[in-house]
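Presented below is the structure to which this report refers.
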Amino acid sequence: MSDLSYFGRTVKHLVICSLTACLFFLPLHHAFADAQKGKQLFQQNCAQCHNPLRDATGPALYGKENEVPGGRKWIYNWVHNSAAVIASGDKYAVNLFNQWNHVQMPPFPQLSTQDIDDILDYVKQVGDEAKQAASAPAATAGQAGGGAAPASNNNLLYGIITLVLAVVALILLQVNNSLNRMANEKEGIETPEPVPFYRNKTYIAIVSLVLFLVAGYFLTNAAVNIGRQQNYEPTQPIFYSHRVHAGINQINCLYCHAGAEKSQHAMIPSQNICMNCHMAINSYSGPQLYTPEGKPVDGTAEIQKLYYYAGWDPKQRKYVNAGHPIQWVKIHNLPDFVYFSHEQHVAVGKIQCQICHGPIQNMDVVYQYSDLSMGWCVNCHRTTKVNFADNAYYSNIFMKYHEELKEGKIDSVTEAMLGGTECQRCHY
Amino acid sequence: MSEKKYWKGLEELYNTPSYQKTVRNEFREELPFGEEIERLMDAKTPRRDFLKYLGFSITAATIAASCEIQVRKAIPYINKPVDITPGVPNYYASTYAQDGDYCPVVVKTLDGRPIKIEGNTSSSITRGGTSAMVQASVLSLYDTARLRYPMIQGKEATWEELDKAVMQGLASLGGAPVVLLTTTLMSPATEQLIQEFIQKYPGARHVTYDAVSYAGMLLANEACYGKRAIPSYHFENAKAIVSLGADFLGTWLSPVEFASQYAQTRKIKGKKADLSQHIQFESYMSLTGANADYRYTHRPSQQPAVVLNLYNAVAQALGKPQLSNVPALQDESLQKGIQRAARLLASHPGEALVVCGSNNPHVQIVVNGLNEMLGAGGKTIDWNAPVNYRKGIDADMQQLVADMEAGKVGAVLIYGANPVYDYYDGQRFAEALKKVKLTVSCNERKDETTVLCQYVAPDHHYLENWGDAEPKAGYYSFIQPTIFPLFKTRAFQESLLAWMGQTPDWHGYLMKFWEPKLGGLEAWEEALQNGVIEPKQVSLAAAPFKGDVQGAAAQLTAQQPKMGELELVLYEKVGIRGGRWANNPWLQEMPDPISKCTWDNYVCISPALAWKLGISINRFNENDLNRPVARISAAGKEITLPVLVLPGMPKDVIAVAVGYGRSPEVGKAAGGVGKNVYPWVNLNSQSLTFEYYQPAATFTLTGETYPLAITQTHNSFEGRPIILETTQKQYNEDPGEATREQREERERYGGENYDTQGTLYPNLYDFPGLKWGMSIDLNSCIGCGACTIACQAENNVAVVGKDRVIAHQEMHWIRIDRYFSGDPENPQVVFQPMLCQQCDNAPCENVCPVAATNHSDEGLNQMVYNRCIGTRYCMNNCPYKVRRFNWRDWWGATSFGGTKDTADMESELTRMVLNPDVTVRGRGVMEKCTFCVQRLQDAKLAAKKAGRPLMDGEAMTACQQACPTQAIVFGNVHDPGAAISQLREENKETRLYYVLDDLHTLPNVNYLVKVVNKDPGDFYVEPVQHVL
């Protein structure tokens, strides 16, 4: 009896442990470690031209660290002033320059070696994770692709483990019951008729609890997300590819979105801005474009659509009518009670477009990259450092911070310290 | 200082039972569930039903909320104009010049829509001030009742059809003359065009007609100075101001200009006050009378006698020849007043000014004589720059009507004027109009006259139009369009050009007129940009006086009307004025500065008369909504109007405002509101000028009742010392006296450290950066209400309609509280603008269960609409009663739409006036003054972007900007150089005080004590107690 009952107890213990484990695994979020800063720097400075994994305007960065002749030191020099490195006759540098059609990488003297290290760490992390994901068997199931892949793969893995453990626990529980009954019978103790597990009150309680928690989690999330449109990717009247314009052709964002620096609205460019270039460029000869559904897109035909909207006759090469307004579908929508100013963020805060809009230079069809939730805004305001010392606006206010900076009590001032998380900075 | 008792209304003074009830029940209304709740409670199973409703509502809301989000479109320009950036406002200088009212303005346009009017600070005439009427004019642009196309016989037509028909009509008059009938025009180019028109149609003439006429002054000046003109007045140079029935701060001639000048003489710098003294004689309670140091009342028919007696008293004091045969005044207080005024005037030669609101030329001749005797010419009166504010001669109009009746007029072209409504015998004009072969109206709406015209050629709104103005000789001002015309309207001038057979190009005409005068296109563009051109050197001059004062006096003595028991006086309200813009919901809902009544006209009677008539004291106040209705008859015309008992009315005079009683076609807001009392305008058969009173009127209560929407007594201040006032004498002896009590109270709880030591919770807030503060000078505030409307325009403040005002649901973020003190028959008045005090220790913040109102590190009491769940705890806990709750969706902010649209405020057209930088609040949220946080953020952003510190004066609130007297100073109190800091430092020991300071709310708005230039003995007057 003693062995059996001991065995039974062990099994019981195991079951409880695994159930507890189930509960803990369920709401688990996968978070990046602490390459946060590197990521931010990368998106601010590098993402316009580089992707860690793929060649873009510049080469893929993952692994380059081991490839270059002088290790990280060489990279510091290169980033600070690539032209100087090329001019110095460095063989690797000259090769690279020729290989990439003499496209010069702009100098980034403002990045410290620490910053560059952070970026490289981030690139390494992204690359390593991608590699891992590629080798892990579970990962092949999900074809989400891109940066989100590792997180979802891990979730799946944890999910499967949870499920397996739960099934094992259930079986063990049944086994335990049977063994107990057998032991009791052997010792002549009368046992009641076994209750089937679906009428077992303990089971029902556990299942209800689990269901409640799972449903609650999803319901809460769903409720919080009402009105949010992350990944919203509507079809637009013209298949306008940001990848072709901002990515491949390197047109500055502000050339078209001129309002970003001087108005609350970034402004969708008017047709006359498009026509500045498209009077001359009347056919498309870049890489084949595809819709998100995979249908090929005829770029030249899209340019013809622009001519219709602008009222331009390409044959006569002149405007023949007043044109037609383009009804673009607005992707980034904020509620009416939020005041958001591009001017504040772009002209004063010097925030890169990609911080909020994501790798826009790689998007053929623009989608909403960030969820534009208040939490997302506030998080950034909490962490973003403000150009406090150099902007004379702050020269005669916030004297407390000036002193603390001088005394070394703080090394920087964040937006939140200047009241950037207060309600009436955005809601009025 | 002896205690002075202030009261908001008579009910408070007499502490009536219904008033006591209001004080006990701070919240007037039961929750507005109404019938629904009764039905629910009567049901068999109320609890279950309640749960059912609850469940249903939550499910419905969830389903509604989780439905697919609507697809929004973003449509850029096809070809973007260079100077327009979406989201960035453009400012264009323009001019409000309508019916002789003048105000140079700067129009803020955003995304192509004019949304706000500011004063033009380049003008030395108005110095950046505005009035409620000017502020509200932007809403009239989006008035749904504006005419949208030309009409022939009431049917839509094209401009070509209309022009053809009108020109045919003009060609076939058979020699009968054409008459252009307009209100006062001050546009030099239009005047020239009219002259050309008259040349084209020989025999044609131009008749100027003003609804509220100044012909008496024009004729008097012609007799005295040989010029049919009105001089410039310079109140800023006057130490002694006597007004004889002229409401120069509210409605008379050019109130914005005069208010700005007047305020300069009422400001106190340092510890010595040297104020002007202002004495007012009048027949009703006017805004100017409320601001006067001394105020005396008389019957309107006594005005000539008052003027003559004053003349003689001054002459006596100065040793000049007196007038003979002057009628004696029986009233003792009036005699004392005349003596006082004479002493004041005589002791300030060259610094005195007498103005008179009479339209009787003989009275004005005597007033001119008085000013001459005082040496006002060249000092306070300037004949170098006569004004063009009013030009109408009443006799011309009477002649026109007679000619029309006689069939001697071939065609009448009407522009601006609306005589069927506002002529003293509108019916006669309407009949006469039928005898004219060709009638054309260029008015912008279907007013009472326009509906009777065969052809309607609607004019643009001034914000859509080109134009110019010459308010004074040598001063020019320009009008430029700020939006493409919304409808198929056409400038009046273009219509004239078309009917003269020329190209209808008013812009071209205007440029051709001005370019040579200014010296080229560049100068023209500069003039448009600046808005005004003014003489470089200004010198004031007198004009040789050749008036026959004795002759005028003899006429006046001979003409004395027979006085009835009661006299009726007609007056203009500060908001609605003559009634031209009556269909403006902002103006309709603006509480009248004195009566604080909205949405109606009524008959004002004195408390003495009310006692005499036996009107129950409970009817004196708004606690009992139902006002008695009276039938008033005078000159054979009867009108019934609700009665409002107004302290300060003379006991034998009743007063009614003109401008109401418009026809329903004028618009939803004005149509059917109040009664038209223009038919009571009196024709002086001797001088042929209009007089705005009836010497004999009868007044009988009908026994019916009628509700009036009055805002003043919506809350009680329970006798707390929130108004601090003193006299000049006391101030000069001891400047700190008025505020000493407050300072001593502070001293007991930490003095300088009152903010941290006067409380159990010393860790309030830290203000590391900017801190906003406002100062309101009670001495400069004249109570005109421009700030209220400016705030309404800037902050999308809703209009709620009359019945909601009655229910205390008005939404104004800044209200002007009017307090009386002293004798109810002639009280002293103080105006106190009351807005959110942005308390640093705010009672509202502590009680919000969802932290929807909290404090910012710039000292703002923030109100977060999206977080508010509408408990109204904050409103209940606010000691200043400045929070406003959206009981309904006034602007149609939510997709469910509005619930009660009183004035077309929800229409797509009207909503164009909304300021996109300010959230449009929906139903169920609280709101209040934000210190115009959107402007503060804008100013900060501009400074940050330029990389420089924020400068003082860069961030202005809308109320501050609109104020014609600069009573409001606003800025960053952490900047020691800022005007607000200096003002507070200067007045720290003297006039500075905070309202309800002892509650330790730590307001960021301070007030400056009002100093009255009055003898202390006259200042402290105990109210007469009536036995109830």
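Counting only residues that are among the polar types (S, T, N, Q) and under 23 Å from B:Ser856 (Cβ atoms), which one in the stretch B:758-801 is modelled with the lowest pLDDT? Step through it out loud before you land on a result.
Narrowing the stretch B:758-801 to residues among the polar types (S, T, N, Q): B:759, B:763, B:775, B:779-780, B:788, B:792, B:795-796.
The next check asks that each one be under 23 Å from B:Ser856 (Cβ atoms); those that pass are B:759, B:763, B:775, B:795-796.
Working: B:Thr759: 80, B:Asn763: 70, B:Ser775: 96, B:Asn795: 94, B:Asn796: 92.
Per the criteria, the residue is B:Asn763.
Could you list, in sequence order, the residues of the stretch B:647-681 that are at pLDDT 90 or above, among the aliphatic types (A, V, I, L, M) and out of contact with any Lys or Arg (no Cβ under 7 Å at 6 or more places or on another chain)?
B:Met649, B:Ile654, B:Ala655, B:Val656, B:Val658, B:Val677, B:Val681
Please determine, by comparing only the residues of the stretch B:389-409 that are modelled with pLDDT of 90 or more and in contact with a Lys or Arg (Cβ under 7 Å, 6 or more places away or on another chain), which one is surrounded by the fewest Cβ atoms within 10 Å (Cβ to Cβ).
Ranking the candidates gives B:Glu405 first.
Could you list all residues from the stretch B:784-806 that are assigned to a loop (DSSP other than H, G, I, E, B) and either among the aliphatic types (A, V, I, L, M) or surrounded by fewer than 24 Cβ atoms within 10 Å (Cβ to Cβ) (or both)?
First, pick out the residues of the stretch B:784-806 that are assigned to a loop (DSSP other than H, G, I, E, B): B:784-785, B:795-801.
The answer is B:Asn796, B:Val797, B:Ala798, B:Val799, B:Val800.
Quick check: is even one residue across the stretch B:618-627 surrounded by fewer than 22 Cβ atoms within 10 Å (Cβ to Cβ) and within 16 Å of B:Glu567 (Cβ to Cβ)?
Within the stretch B:618-627, not a single residue is surrounded by fewer than 22 Cβ atoms within 10 Å (Cβ to Cβ) and within 16 Å of B:Glu567 (Cβ to Cβ).
Mind listing just one residue for me: the one in the stretch A:374-409 that is among the β-branched types (Val, Ile, Thr) and surrounded by 16 or more Cβ atoms within 10 Å (Cβ to Cβ) and, of those, farthest from the other protein chains (Cβ to nearest Cβ)? Spell out the reasoning first.
Kept after step one, since they are among the β-branched types (Val, Ile, Thr), are these residues of the stretch A:374-409: A:378, A:383-384, A:386, A:397.
Checking the rest, the ones that are also surrounded by 16 or more Cβ atoms within 10 Å (Cβ to Cβ) come to A:384, A:386, A:397.
On the way: A:Thr384: 14, A:Val386: 10, A:Ile397: 4 Å.
For the stretch A:374-409, the residue satisfying everything is A:Thr384.
Give me a count of the residues in the stretch A:332-358 that are within 22 Å of A:His427 (Cβ to Cβ) and assigned to a loop (DSSP other than H, G, I, E, B).
12
Hey, does the stretch B:287-307 have a residue that's touching a residue at least 40 places away in the same chain (Cβ under 8 Å), under 20 Å from B:Gly375 (Cβ atoms) and buried (at least 24 other Cβ atoms within 10 Å of the Cβ)?
Yes: the stretch B:287-307 contains one or more residues that are touching a residue at least 40 places away in the same chain (Cβ under 8 Å), under 20 Å from B:Gly375 (Cβ atoms) and buried (at least 24 other Cβ atoms within 10 Å of the Cβ).
Taking the conditions exactly as written (of a type in the set (Val, Ile, Thr) and surrounded by fewer than 22 Cβ atoms within 10 Å (Cβ to Cβ)), does B:Val314 satisfy them or not?
No: the conditions fail for B:Val314.
Mind listing whichever residues of the stretch A:327-339 are more than 7 Å from every other protein chain (Cβ to nearest Cβ), among the hydrophobic types (A, V, I, L, M, F, W, C) and either farther than 16 Å from B:Arg72 by Cβ or surrounded by 14 or more Cβ atoms within 10 Å (Cβ to Cβ) (or both)?
Correct list: A:Ile331, A:Val338.
Results for (1) more than 19 Å from B:Asn866 (Cα to Cα); (2) at pLDDT 95 or above; (3) within 9 Å of chain A (Cβ to nearest Cβ); (4) crowded, with 21+ Cβ neighbours inside 10 Å, shown as yes or no for each residue.
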| residue | (1), (2), (3), (4) |
| --- | --- |
| B:Asp917 | no, no, yes, yes |
| B:Arg923 | no, no, no, no |
| B:Ala946 | yes, no, yes, no |
| B:Pro949 | yes, no, yes, no |
| B:Asp952 | yes, no, no, no |
| B:Ala955 | yes, no, no, yes |
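I'm trying to understand the selection: among the residues of the stretch B:623-646, which are closer than 30 Å to B:Gln20 by Cβ, modelled with pLDDT under 90 and out of contact with any Cys (no Cβ under 9 Å at 6 or more places or on another chain)?
B:Asn623, B:Asp624, B:Leu625, B:Asn626, B:Arg627, B:Pro628 - these are the residues of the stretch B:623-646 that are closer than 30 Å to B:Gln20 by Cβ, modelled with pLDDT under 90 and out of contact with any Cys (no Cβ under 9 Å at 6 or more places or on another chain).
Which residues, taken from the stretch A:413-425, are more than 7 Å from chain B (Cβ to nearest Cβ), out of contact with any Gly (no Cβ under 9 Å at 6 or more places or on another chain) and within 25 Å of B:Lys928 (Cβ to Cβ)?
Across the stretch A:413-425, the qualifying residues are A:Gly420, A:Thr421.
Would a scan of the stretch A:308-323 turn up a residue that is modelled with pLDDT of 90 or more, assigned to a helix (DSSP H, G or I), over 23 Å from A:Gln40 (Cα atoms) and within 11 Å of another protein chain (Cβ to nearest Cβ)?
yes
Return a yes/no flag: does the stretch A:200-223 have any residue that is over 30 Å from A:Leu170 (Cα atoms) and within 14 Å of chain B (Cβ to nearest Cβ).
Checked the stretch A:200-223: at least one residue is over 30 Å from A:Leu170 (Cα atoms) and within 14 Å of chain B (Cβ to nearest Cβ).
Please verify whether A:Ala205 is under 30 Å from A:Lys39 (Cβ atoms) and either in the same structural domain as A:Trp78 (by TED's automatic domain parsing) or at pLDDT 85 or above (or both), treating the condition exactly as stated. Let's see the steps before the verdict.
Numbers: under 30 Å from A:Lys39 (Cβ atoms): no; either in the same structural domain as A:Trp78 (by TED's automatic domain parsing) or at pLDDT 85 or above (or both): yes.
No, not satisfied.
For B:Pro231, work out the one condition from (1) more than 24 Å from B:Ala553 (Cβ to Cβ); (2) more than 17 Å from the chain's Cα centre (by Cα); (3) not β-branched (Val, Ile, Thr) it doesn't fulfil.
(1)
Can we say B:Val207 is more than 28 Å from B:Ala132 (Cα to Cα), within 29 Å of the chain's Cα centre (by Cα) and part of a strand (DSSP E or B)?
yes
Suppose the filter is modelled with pLDDT under 80 and within 14 Å of another protein chain (Cβ to nearest Cβ); does B:Ala43 pass it? Walk me through it before giving the result.
Values: modelled with pLDDT under 80: yes; within 14 Å of another protein chain (Cβ to nearest Cβ): no.
The answer is no for B:Ala43.
Out of all the residues in the stretch B:462-470, is one or more buried (at least 21 other Cβ atoms within 10 Å of the Cβ), closer than 23 Å to B:Gly175 by Cα and polar (S, T, N, Q)?
Checking the stretch B:462-470: not a single residue is buried (at least 21 other Cβ atoms within 10 Å of the Cβ), closer than 23 Å to B:Gly175 by Cα and polar (S, T, N, Q).
Being touching a residue at least 12 places away in the same chain (Cβ under 8 Å) and in a helix (DSSP H, G or I) narrows it down to one residue among B:Ala176, B:Ala165; which is it?
Answer to the check: B:Ala165.
Which of the residues belonging to the stretch B:843-874 are facing chain A (nearest Cβ under 9 Å), assigned to a loop (DSSP other than H, G, I, E, B) and in contact with a strand residue (DSSP E or B) (Cβ under 9 Å, 6 or more places away or on another chain)?
The answer is B:Ala852, B:Ser856, B:Glu858, B:Leu860, B:Val864.
Checking the conditions here, which among B:Ala942, B:Ala979 is more than 13 Å from chain A (Cβ to nearest Cβ), at pLDDT 90 or above and surrounded by fewer than 18 Cβ atoms within 10 Å (Cβ to Cβ)?
B:Ala979
Evaluate the following for A:Asn45: is it crowded, with 20+ Cβ neighbours inside 10 Å, modelled with pLDDT of 75 or more and either in contact with a His (Cβ under 6 Å, 6 or more places away or on another chain) or not β-branched (Val, Ile, Thr) (or both)?
Judged against the criteria, A:Asn45 is a match.
If you check B:Phe492 against the conditions, is it within 30 Å of the chain's Cα centre (by Cα) and over 30 Å from B:Lys536 (Cα atoms)?
Considered against the rule, which asks whether it is within 30 Å of the chain's Cα centre (by Cα) and over 30 Å from B:Lys536 (Cα atoms), B:Phe492 comes out as yes.
Under 7 Å by Cβ, and 6 or more places apart or on different chains, what pairs join a residue from the stretch B:477-497 that is farther than 17 Å from B:Phe197 by Cα with one that is among the basic types (Lys, Arg) and part of a loop (DSSP other than H, G, I, E, B)?
B:Phe487/B:Arg148; B:Lys488/B:Arg148
The values are calculated or read from the model by the stated rules, or taken from the named source; none is laboratory data. For clarity, every value in this text was computed on a predicted model and none was experimentally measured. So basically every Cβ, Gly included, is an ideal-geometry build from the backbone, and we count neighbours across all protein chains shown.
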